[in-house]
Structure formats: C-alpha cells, structure tokens
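Peer 1: Take a look at the following structure, please.
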Amino acid sequence: MSLTNKELMLIQDNIKMAENSIKFLQACAGSASDAQIKGLCQSLAREHQQDMQTLIKHITNTQIQ
C-alpha cells in the first residue's frame, strides 16, 4: 500500500489530534473526583491511544508516493 503526500499529512494531523485528546482525557481523569467520570476518561484515553497506534501503523507499513 502506498500513500500520497496529502494522505500522509492527513494521517499525521489525525495522530496529533489523537495525542492532544489523550493528554486532555488523562488530565481530566487526573482531576476527576467522581469514579465513573475518572473511569470514562481513562477508557476514552485508551481508545484514542489504540486509534493513534492504528494510524501510526499506516505510516510505518506503507510507501509514500
């Protein structure tokens, strides 16, 4: 599979957004006093981490056109 430069830039932008979301959700989990809210934030951060890893695989396993 190969990516165009535009596709690569879009994936990189999405990775950056996922990183920002993870940091935000981890901060929310750290400051939440309610256990359910804390758990929800941690769960969402893990989901974003998995999504980010998937996007990173697309970059590392492809050629750029």
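Every number in this text was worked out from the coordinates using simple rules, so none of it is lab data. Predicted model only: the values in this text are computed from it and were never measured.
Peer 1: Given all pairs of different Cα atoms, what value in angstroms does the Kirkwood hydrodynamic radius of the chain take? Numbers along the way, then the final one.
Peer 2: Numbers: mean 1/r = 0.0782 Å⁻¹.
When all Cα pairs of the chain are included, the Kirkwood radius is 12.8 Å.
Peer 1: Cα axis of helix 5-31 to longest principal axis of the chain: angle in degrees, 0 to 90, nearest 10?
Peer 2: 10
Peer 1: Compute the long axis of helix 35-60 from its Cα atoms, compare it with the longest principal axis of the Cα atoms of the chain, and write down the angle in degrees, 0 to 90, nearest 10.
Peer 2: 10
Peer 1: Under the rule of at least 5 residues apart or a separate chain, name every residue whose amide H is placed under 5 Å from the amide H of residue 3.
Peer 2: Residues meeting the amide H criterion: 63, 64, 65.
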